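Read the structure below first, then the notes.
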């Protein structure tokens, strides 16, 4: 829920800038990989959950920043 205001601001600022989309995609991938790496000393379930949550959140933020954040309304 807290990402929705951020997606509106990002959409207004960067919706028409493809290089920003590439940068956000790479940053999302890097953050997800860093989450996987940082969880190496935890249980497998915790590591998978943290990584999946990070991937879902950063993926949503990236996609919603360059499309309509709430979909066609």
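Within the range 28-39, the set of residues being surrounded by fewer than 16 Cβ atoms within 10 Å (Cβ to Cβ) and closer than 16 Å to residue 65 by Cβ comprises 29, 31.
Beta carbons closer than 7 Å, at least 6 apart along the sequence or on distinct chains, pair a first residue in the range 1-27 that is surrounded by 10 or more Cβ atoms within 10 Å (Cβ to Cβ) with a second that is outside any helix (DSSP H, G or I) and at pLDDT below 85 for 4/69; 7/69; 8/69; 11/69. When restricted to residues that are surrounded by 13 or more Cβ atoms within 10 Å (Cβ to Cβ) and under 18 Å from residue 7 (Cβ atoms), the range 40-73 contains 14.
The values are calculated or read from the model by the stated rules, or taken from the named source; none is laboratory data. Quick caveat: nothing in here was measured; it's all calculated off a predicted structure. Glycine also receives a Cβ, built like all others from the backbone with ideal geometry; neighbour counts cover every protein chain displayed.
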